[in-house]
Structures are given as structure tokens and as C-alpha cells.
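All remarks here apply to the structure that follows.
The values are calculated or read from the model by the stated rules, or taken from the named source; none is laboratory data. Remember, predicted model here, so these are calculated numbers, not experimental data. Don't worry about glycine lacking a Cβ; one is built from the backbone with ideal geometry, like all the others, and counts go over all protein chains shown.
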Amino acid sequence: MANTPPSQPQSYVEMPRGDVEAIGAHCQLEYCHVLDFLPFRCQSCKGTFCLDHRSEYAHKCANEGAWARARTQQQATTSPPLPKPSLYNHDQQCYENACKTLINTARMPANQCSSCNRSYCLKHRMPEDHDCKNVPRRGATAVAGARQQTMSALSKLKLWAENKRNEDEKRKKASTPKKSGFLSGLGKSSSSSQAATAQAELNALKRTAKGEASVPQDKRVYLHVEASADTTKAKYPTGKFFYNKEWTVGRVLDMAAKSLQVQNVNNRGGGEEEKLRVFHVEGGRLLKFGERIGEPCRSGNMIVLLRGVGDGEPDLIDL
């Protein structure tokens, strides 16, 4: 006996032979009852109706709007809020809903709005270009954020100033020889010995400092460079370097950050909380990116890389 192939599942409904009215269904609306070969089912009252009476209004549905309300409630309770549509599925994107521009890139830095605290591309950076008044604010208000940033900057600068002052005092006391009774009697001061010690330290700095060999000797400024612990991945975040006096502070910052393995995101835009700044210890202030490093700094000085301290120039005397 030959094996019969297994029957395939049917994807259609067989029509009973000889019964034309078995096709479709009658409209359930009173005074209609027309036979519709493609009837419609109401999702609210579960009734079957013809083409003319398929809507809830047409057949005067007893449970009008039930299906729509149930669907809305289900979406509100089970479905998460829809994210901003993104062409690239990337979080670094202009916050304007209709814009697909990627920001925080070399060609398109982020432009943060001070009102809504959101980041936009160059085209939508102005408040009127991204309908700022209807955009939900992010985080704290601009006033509270600025106040918190200022307090953080002052705290960091106070800490650095105090630590450096203590270190300098200890170093000077340790390097200054004690005066003998004979020298004291003669009234000889220790200024000459202090100057000799400072010159010896400067000579040691010049011997060990690293930098570009193409910089002329008479154009070099030798500096101690340090990075705060929260900015660097280096095991020893300090170094001795020389730079050209004519170079800007911004260029020196880039070179120092690379040497000390400090993440530098200054060229990517964004807020002040991620930007690096150069703090001149001897001058007691933050240096501007555009000024030349040789104007405020002298050989033997120290500069420190700090993050999130703002762009002002607070004086340590006022701290």
C-alpha cells in the first residue's frame, strides 16, 4: 500500500456547496439585515454590520467608544513613552525633534541652550529656532546650575591654593640652611642662599624638562605641570615641560593634557563641567585660552589642569 502524503493545512475556509447564503453575514442593524459578503465586525459591541453601517455612529453602537478607550488605557499603562525619532539611533543628536544632525563631532560641536539646558546643532541653537518655551527643561535651572558650578570652582581653587602654599613653605624651609652665630652677628641675610637654591632648582628643571626640540632656547618657558586626580588616567599626573613663550594657553593645554593622559573634550562643545582649564599657581588665577603662555608664566612656575571650574578669573586674594 502506497504511503499517502500528509495533508497540508488549509489557509482558506471551504464554502458549503449549494448554500449561497452561507457566504458572508446579515447586517444586525434593525430594518437592514442586508446580506454582506464581506461584513464588518464592531470592536466595541462585537456586532456584525454591512458596509453602510460599519461605523459606530451609523449603527448607533450601544457601547460607543469602548474599544478606543480600552486601547488608549492599555498603551498608557503598558507601553513606555516613545523616544525621540532618530535616524542614527544615537544619543548625541540635536534635540530638535525634526532634526537628525549628529552633534559633539569635529564638524558639528554641540550648542547648549542656557534656558532649556538642551544641546542643539548650529541651525537650531537659538531659542526661537527650537521653540524653547515648549521644550522640557533638563536638570536644575540655569541659575542654580551656575551657582553650584561657581561654588565647585571656588572649592577646587581654594584647595589647590592651600596645598601649594603649604608645599612651597615646607620646601623653602627645608632648602634654606640655618644661619650660624657668626653670620647672624654680621647681619648677613639668607636672601643670597635662597636665590642660589631657586637657581639650582631652575637649572634642574631645565635639564629634565621635555618639549619640542625645534623651540629656540631664548623662546622657552620651563614649567611644572600637574593635573588634578579626577582628570587623568596617568599613574603620576605631574611632569616638567618647556613650551614656546609665544604659544597660546589653549595650545599648551592640549599638549599638557596629551602628555599627562588627561581626557580633553574642550573642542567638542558642551558645558563647562567637562572643560579643562589652566590654573596658574603663582598668579592665582585661571588663564585665558587666547593669551600667550609667556605673559603670565615665568620659568619655574607651576600650572595645573582642572576640570569644571568655569571660565572666570578668580583671584586667590578674594577667596
Taking only pairs six or more apart or across chains, which ones have beta-carbon atoms under 6 Å, a first residue in region 50-73 that is part of a helix (DSSP H, G or I), and a second residue that is surrounded by 12 or more Cβ atoms within 10 Å (Cβ to Cβ)? A66/S44; W67/Q43; W67/S44
Checking R125 against (1) at pLDDT 55 or above; (2) out of contact with any Ser or Thr (no Cβ under 8 Å at 6 or more places or on another chain); (3) of a type outside the set (G, A, S); (4) assigned to a helix (DSSP H, G or I): exactly one of these is not met. Which one? (4)
Pick from region 297-314, criterion within 18 Å of D254 (Cα to Cα) and at pLDDT 85 or above, ranking: surrounded by the fewest Cβ atoms within 10 Å (Cβ to Cβ): M302
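Looking at the structure I just gave you, is E246 surrounded by fewer than 18 Cβ atoms within 10 Å (Cβ to Cβ), in contact with a Lys or Arg (Cβ under 7 Å, 6 or more places away or on another chain), acidic (D, E) and at pLDDT 90 or above?
Working: surrounded by fewer than 18 Cβ atoms within 10 Å (Cβ to Cβ): yes; in contact with a Lys or Arg (Cβ under 7 Å, 6 or more places away or on another chain): yes; acidic (D, E): yes; at pLDDT 90 or above: yes.
When the stated conditions are applied, E246 passes them.
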Quick one: G65 ticks every box in (1) at positive phi; (2) at pLDDT below 85 bar one, so which box is it? (2)
Is it the case that region 252-270 has a residue that's surrounded by fewer than 17 Cβ atoms within 10 Å (Cβ to Cβ), outside any helix (DSSP H, G or I) and modelled with pLDDT of 90 or more? no
Taking S115, is it modelled with pLDDT under 80, over 25 Å from L286 (Cβ atoms) and surrounded by 12 or more Cβ atoms within 10 Å (Cβ to Cβ)? yes
